[in-house]
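The structure appears right after this line, and notes come after that.
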Amino acid sequence: MNTNISHEEVDFYRKNGYVVMHDFLSQEELQEWRDAVTDAVAERGQQRILGQMGKPNEYYENVFVQRVNLWQDNPKVRKLMLDARLGKIAATLAGVEGIRIWHDQALIKKPYANPTAWHLDNPYWSFYSRDALTIWVALDDVTIENGCLWFLPGTHSLATYDNVGIGHNMGDLFKVYEDWAKIQAAPVTIKAGSCSWHNGLIAHAAGPNMTVGLRRAFTCAYMPDGSTFNGQRNILRDEQIAGLQVGDVLEDDAQTPLIYHPTKLIVAA
Ligand SMILES: O=C(O)CCC(=O)C(=O)O
Ligand SMILES: [Fe+2]
């Protein structure tokens with residue numbers, strides 16, 4: 001894993017809200033990630049979010065195969081996700097001390113999968129933070145043709161918490177943020193094993209998969225340590241929600257493990 005991160009990369013991330021790291025994984029690591037994610041998705045079956053039985057609509061099911069928090073049920077994914085090196089990069093980009101996992105997810109666009117409509121991430125989650133961020137690791141070469149990510153540079157600094165769902169209309173987000181329709185989107189085409197990082201408030205989308213191959217990505221959303229519950233359910237289970245008040249610090253290591261902190265003891269690993 002190429003953990004070197006330059007000042008230029010940090011500056012680019014802070015200004016634009018995303019940054020690309022080419023050749024992030026070695027060929028051996030890429031194979032390990034592919035194998036772990038493939039096994040974990042197969043073992044998970046049809047359940048999208050652990051402990052939640054709700055089924056999304058048919059359109060959303062054909063945006064991508066989405067399986068959330070595979071670290072919680074597969075030991076190989078757990079080992080990959082609890083790697084403090086990922087947390088350290090996330091902390092460096094975000095400019096925060098400690099990093100917790102919010103959720104990982106496999107996002108697999110099958111042949112002719114629907115596009116992923118423009119959206120922001122952090123407004124969906126159970127905490128609000130302008131410093132939350134996601135790593136998106138390409139497990140296949142990602143191209144314009146098979147559904148690469150697109151970002152609207154700089155929108156992370158402008159976003160409020162207004163958002164839209166990932167629905168049928170690619171451009172619903174522009175009903176909320178009208179001015180953003182004038183910003184030219186930047187595509188991120190990367191080789192398998194490369195990754196991008198994006199801020200939880202940047203506008204982003206992905207195209208359809210117009211190829212007969214898979215577009216597989218494995219991603220992880222990170223929460224700055226010390227973030228507090230905002231009352232939204234997202235990935236939390238009913239019994240967890242029942243035990244939380246708005247404003248409580250989210251620090252359950254079984255749900256949101258601390259993976260990196262310069263001084264606190266890491267218990268999750
Ligand atoms: O991979 C995709 O199609 C969308 C990914 C995304 O929205 C995310 O990682 O936040
Ligand atoms: Fe997203």
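Laboratory data are not the source of any read-out in this text; all were calculated from the coordinates shown. Keep in mind that what you see is a predicted model, and the values were worked out from it rather than measured. All Cβ positions, even for glycine, are placed from backbone atoms using ideal geometry, and neighbour counts span all protein chains on display.
Scan segment 214-269 for residues that are under 19 Å from GLY87 (Cα atoms) and either touching a Cys at 6+ places or on another chain (Cβ under 7 Å) or in a loop (DSSP other than H, G, I, E, B) (or both) and the total you get is 20.
Of all residues in segment 60-76, those satisfying the criterion of being more than 15 Å from the chain's Cα centre (by Cα) and outside any loop (DSSP other than H, G, I, E, B) are TYR60, GLU61, GLN72, PRO75, LYS76.
Please go through segment 8-32 and give me each residue that is more than 20 Å from HIS198 (Cα to Cα) and under 19 Å from the mean Cα position of the chain (by Cα), ordered by number. Scanning segment 8-32 gives a single hit, LEU30. The condition (being within 16 Å of ligand 2 (Cβ to nearest atom) and at negative phi) is satisfied by just one residue among ASN199, ASN209: ASN199. Residues in segment 106-150 that are farther than 19 Å from ARG216 by Cβ, away from ligand 2 (no atom under 12 Å from the Cβ) and touching a helix residue (DSSP H, G or I) at 6+ places or on another chain (Cβ under 8 Å): 4 in all. Look at HIS103 and say whether it is within 16 Å of ligand 2 (Cβ to nearest atom) and either free of Cβ contacts under 8 Å to residues at least 60 places away in the same chain or under 12 Å from the mean Cα position of the chain (by Cα) (or both). When the stated conditions are applied, HIS103 passes them. Screening VAL176, VAL188 for residues that are out of contact with any Pro (no Cβ under 9 Å at 6 or more places or on another chain), away from ligand 2 (no atom under 14 Å from the Cβ) and over 30 Å from ALA254 (Cβ atoms) leaves exactly one candidate, VAL176.
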